[in-house]
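Here's the structure we're looking at; comments come further down.
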Amino acid sequence: MADSVLPDGTVQCPVCAGDFQPATINAHLDNCLTGNDNPILSTTNKEPPSKKSRISEFSLSGSGDTSEGSVTKSNRTAPMFTVFQHKQRSSVLTSKQSTDSNVTSKTTKRNATDVDRNEEPTKGCDENRSNTQISGALTSTAKKTDISMSALTLLNSGKPLAEKLRPNTLEEYFGQNKVLGQHTLLRSLLDSQEIPSLILWGPPGCGKTTLAHIIASSSKRNGTVRFVTLSATSTSTNEVREVIKQAQNELRLFKRKTVLFIDEIHRFNKSQQDTFLPHVECGTVTLIGATTENPSFQVNSALLSRCRVIVLERLSVEAMGSILNRAVDALGIRVVPVVNGEDDRLASAAHQSEPQVYIEQKALDTIAHLCDGDARAGLNGLQLAVQARVAAHRAGMPDPSRDAPHILIQEDHVKEGLQRSHILYDKAGEEHYNCISALHKSLRGSHENAALYWLGRMLEGGEDPLYVARRLVRFASEDIGLADPAALPQAVSAFQACHFIGMPECEVILAQCVVYLARAPKSVDVYKAYSNVKACLRNHRGPLPPVPLHLRNAPTRLMKDLGYAKGYKYNPAFSSAVEQEYLPEELRGMNFFTWTPTDQ
């Protein structure tokens, strides 16, 4: 700072080169470095700063001799100013401005006696100011590009559209009115910041993670809760323990609760889930877990008893429509009816300097239907369609200076991006058991259309055809039985055929078997009778009754002497029915086809 002291006692600012009293230089530097008082950094300044020759570059002794040491010291201090200027200008200056700044920095090192070279820094500042004004003008007209700035930012930000448009408030959260609608218990708890431990269970794209982010945003705004997010796919038990230790310190020192969000909590095994038990029990952390799997199977029962399970449903078509409308509004895309010819509104846009992006209402409706209630798939499908059409538009414009035509997104463009309906099916998860149960019950009810639908849904979702065939073999005996003895050979033949040829050729074989079993007469007599036998064995008290002696085999003389097989009547030796007991004495007269077991 001593090198910047001028003969009049003022101090020169190393950033803007202004003169200030020593008592005010520090306060000025704070504002100057942030751009508030710096005319170089401020885009609203109309005049360039006045530059003075660095008096410290030469000795001011009365003899006029130049001190070599002072010149060396001055040359060492000049690059320091360039660093300050470069860091502050980097956010507002263009690459050309940075080049001009380097020229200015080099010029300040030159001989101060050269008048032309002394004017060079001022010229550089003039160019910087001019370029800054041009940059501001470009910023004010940034929307006059190919598409709106919001669309460019959202579509080309490197993030999926579903992530960029994730809601931050419950008012923007659509489709779960049963659990989060007005006047619901959970909604009142969230509004009052009384967040209980929750397990959010629902299909992909229904809003589990979004709901957790809404809770986090609300907690950060109020400052009453600390929110921590972890993913079970990449988090170890040690990291969980560290978070819990921090939560204990927060609660003890600052009286602030911690909400711990675990995404894909079903990825934790049972022993890892046990880590949360004592801390959720005593209130050290409030646990929010998100899972696509049935918590009854994948979450520890002890942890389930300490949390409330919230079932989020697949989004309806109406909810998806609201989500997509919010997205097109954010992108600046206009929704129009189906366009068969050249619409007047579209034609008017062709005479503008930039194109307007339009989308048919039918295209939005198609996305809402094809995404199968998955908001993530719907938004990303919309993003893909818009990006593809914008890219095609840019590639097809030979002369960008001419009037830009409009960009229209139609139903075919959306279908091309989505390809086909997204079928929610997990061969090892909840949907696997739901669909096979629906198929079995449809066959039992002789509803062949429904049975074919559930069969197709499983096969198109990637189910193993042999698994379906094995279940059909079971159904042929369990629900048809003796009412149509040919049903079991039909099912076994279908299984063998599927094993021979595989998918997709075997799908029609399974369809034929399903229709046959649906139309066949039904009888559960055999199934019920055997179930009664099992109930009889389970409910029997004491030792099981022995096999009657006349029914026992007697391969040795000792067994014959003990009475084995004595009195047995060989049925083929009689021309008429043989009266003989075949049940133990305690069960004589029992009819398992009509007997009803009672719980004992």
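Could you work out the Rg to Rh ratio of the range 234-292, with Rh taken as the Kirkwood radius (inverse of the mean 1/r over all Cα pairs)?
On the Cα set of the range 234-292, Rg over Rh gives 0.96.
Over the range 446-564, give the accessible area per residue in Å² for a 1.4 Å probe, as an integer. Working shown, then result.
Values: 7000 Å² over 119 residues.
So the range 446-564 comes to 59 Å² accessible per residue, rounded to a whole number.
First compute the accessible area of the range 452-600 with a 1.4 Å probe, then give the percent of it belonging to carbon and sulfur atoms.
Its accessible area is 57 percent carbon and sulfur atoms.
Based on Cβ point charges of +1 for Lys and Arg and -1 for Asp and Glu, what charge dipole magnitude is obtained for the range 473-559 about its Cα centre, in debye rounded to the nearest 20?
720 debye
Mind putting a number on the dipole of the range 217-296 about its Cα centre? Charges go on the C-beta only, +1 for Lys and Arg and -1 for Asp and Glu, and I need it in Debye to the nearest 20. Don't skip to the answer; put the middle values down first.
On the way: 11 positive and 8 negative charges, 99 e Å.
Using Cβ point charges on Lys, Arg, Asp and Glu, the range 217-296 gives about 480 debye.
Given points 7 Å out from each Cα along the Cα-Cβ axis, report the Arg241 to Asn539 separation in nanometres with one decimal.
Modelled inter-label distance: 5.2 nm.
Give me the orientation-averaged projected area of the Cα convex hull of the range 239-343, in nm², one decimal.
10.9 nm²
For the range 491-590, just say rounded, prolate or oblate: build the C-alpha gyration tensor, square-root its eigenvalues into a ≥ b ≥ c, call rounded for a/c under 1.5, and beyond that prolate if a/b exceeds b/c, oblate if not.
Values: a/c = 2.73, a/b = 2.28, b/c = 1.20.
It is prolate, given that a/c is not under 1.5 and a/b is the larger ratio.
Checking the table Lys522/Lys569; Lys178/Lys415; Lys159/Lys255; Lys159/Lys208 against a 29 Å threshold on Cα-Cα, which pairs fail? The partial results should precede the final answer.
Details: Lys522/Lys569 36 Å; Lys178/Lys415 31 Å; Lys159/Lys255 37 Å; Lys159/Lys208 19 Å.
The pairs that break the limit, which is 29 Å between Cα atoms, are Lys522/Lys569; Lys178/Lys415; Lys159/Lys255.
Starting from the range 494-600, pick out the trypsin sites (Lys or Arg not before Pro) whose DSSP state is loop and whose Cβ has at most 14 other Cβ atoms within 10 Å.
Qualifying residues, ordered by number: Arg541, Lys566, Lys569, Arg588.
Calculate, for the range 147-298, the solvent-accessible area per residue in square angstrom, rolling a 1.4 angstrom probe over the heavy atoms of the protein chains.
Accessible area per residue, the range 147-298: 48 Å².
Pop a pseudo-label 7 angstrom from the Cα along the beta-carbon direction at both Val492 and Ser316 and give the gap in nm to one decimal.
Each label point is offset 7 Å from its Cα along the Cβ direction, giving 5.0 nm.
The values are calculated or read from the model by the stated rules, or taken from the named source; none is laboratory data. Note that the coordinates shown come from a computational prediction; the quantities given were computed from them, not determined experimentally. Neighbour counts are summed over all protein chains in view; Cβ atoms, including those assigned to glycine, are modelled from backbone coordinates with ideal geometry. These area figures cover heavy atoms from the full protein model, side chains too; ligands, DNA and RNA do not enter into them. Shrake-Rupley method; radii C 1.70, N 1.55, O 1.52, S 1.80 Å.
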